[in-house]
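> Quick one: this structure, given as structure tokens, is what I'll be asking you about.
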Amino acid sequence: MIRRPPRSTPKPSSAASDVYKRQEWGYFGLFIASFLSATIIPFLSSEALLSLMIINQYSLGNVLVVATIGNWLGGLSCYYIGWLGKWSWIEKYLKVKESTLSKIKPSVDRWGAPLAFFCWLPVIGDPLAVGLGLFKTNPVNVAVWILIGKGIRYLVWAYITFSGMQFFNNL
């Protein structure tokens, strides 16, 4: 008699296990992903957002609020890092003279807070938040503009996602 090895359950594909892990973490996982993606750490919160919205059927409103708050707090952490910075460090490590920074300061004071709207942009958003903190731009105004920018970003993401799904479902 030939003995067969015991049957093992097939291992799920990495995509399936990723979905399971995201479902397991839920809103907390989305919050962490959103927070990390707004810091200097390269991370994509859009995948977690899409996973919870589409695959796991979480409430769209809740998903948008959690992602926005996590991303907003991550952006504020970059701003605070800049706030703790010193101009002498910029001169010492980045070789930018303090006189050059002094010339830029009036423009930053004038346009700084509305510039925080663009902190959601990849690559330039994090340094922008750090710079606004370094220039000690009004923290309340910066916080409001960052919140507006990050919130609109996720609203647009959700709209594009659902529009794309509707388009492909109608084909």
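The values are calculated or read from the model by the stated rules, or taken from the named source; none is laboratory data. Keep in mind it's a predicted model, so treat the numbers as computed, not measured. Cβ sites come from the backbone with ideal geometry, for glycine too, and all protein chains shown count toward neighbours. Note: accessible area is taken over every heavy atom of the protein model, side chains too, but ligands, DNA and RNA are not part of it. Shrake-Rupley method; radii C 1.70, N 1.55, O 1.52, S 1.80 Å.
> Evaluate the following for Ile32: is it open to solvent by 50 Å² or more (accessible area, probe 1.4 Å) and not in a helix (DSSP H, G or I)?
So Ile32 does not fit the description; no.
> Right, next: Could you grab me the full set of residues in the range 73-110 that are open to solvent by 100 Å² or more (accessible area, probe 1.4 Å), among the hydrophobic types (A, V, I, L, M, F, W, C) and more than 25 Å from the chain's Cα centre (by Cα)?
Trp89, Leu94
> Could you please let me know if Gly164 is within 23 Å of Val63 (Cβ to Cβ) and open to solvent by less than 50 Å² (accessible area, probe 1.4 Å)?
Judged against the criteria, Gly164 is a match.
> Which one is modelled with the lowest pLDDT, of the residues in the range 119-130 that are under 16 Å from Ile90 (Cα atoms) and surrounded by fewer than 23 Cβ atoms within 10 Å (Cβ to Cβ)?
Result: Pro127.
> Continuing with the same structure: List pairs: first residue in the range 47-70 and closer than 13 Å to Gly26 by Cα, second residue of a type in the set (Lys, Arg) anywhere in the structure, Cβ distance under 8 angstrom, at least six positions apart or on different chains.
Ala48/Arg22; Ser51/Arg22; Leu52/Arg22; Ile55/Arg22; Asn56/Arg22
> Considering only the range 40-60, state which residues are hydrophobic (A, V, I, L, M, F, W, C), open to solvent by 90 Å² or more (accessible area, probe 1.4 Å) and either touching a Ser or Thr at 6+ places or on another chain (Cβ under 9 Å) or under 14 Å from Thr161 (Cα atoms) (or both).
Scanning the range 40-60 gives Phe43, Leu44, Ile55.
> Determine whether the range 74-92 contains at least one residue that is touching a Cys at 6+ places or on another chain (Cβ under 9 Å) and more than 30 Å from Gln57 (Cα to Cα).
Yes, the range 74-92 contains a residue that is touching a Cys at 6+ places or on another chain (Cβ under 9 Å) and more than 30 Å from Gln57 (Cα to Cα).
> When Gly82 is evaluated against the numbered criteria (1) touching a residue at least 40 places away in the same chain (Cβ under 8 Å); (2) under 22 Å from Thr161 (Cβ atoms), which criterion, by number, is the only one it fails?
Of everything listed in (1) touching a residue at least 40 places away in the same chain (Cβ under 8 Å); (2) under 22 Å from Thr161 (Cβ atoms), Gly82 misses just condition (2).
> Name the residues in the range 35-55 that are part of a loop (DSSP other than H, G, I, E, B) and at pLDDT 80 or above, would you?
Ala38, Thr39
> Regarding the range 117-136, can at least one residue be identified that is over 15 Å from Cys78 (Cβ atoms) and not aliphatic (A, V, I, L, M)?
no
> For the range 128-171, which residues satisfy the criterion of being within 12 Å of Phe118 (Cβ to Cβ) and of a type outside the set (Gly, Ala, Ser)?
Matches in the range 128-171: Leu128, Leu132, Val142, Trp145, Ile146, Ile148, Lys150, Ile152, Arg153.
> Out of curiosity, is Tyr58 at pLDDT 85 or above and either part of a helix (DSSP H, G or I) or more than 22 Å from Trp145 (Cα to Cα) (or both)?
no
> If I filter the range 70-87 for residues that are within 20 Å of Ala48 (Cβ to Cβ), of a type in the set (Ser, Thr, Tyr) and either modelled with pLDDT of 95 or more or out of contact with any helix residue (DSSP H, G or I) (no Cβ under 6 Å at 6 or more places or on another chain) (or both), do I get at least one hit?
yes
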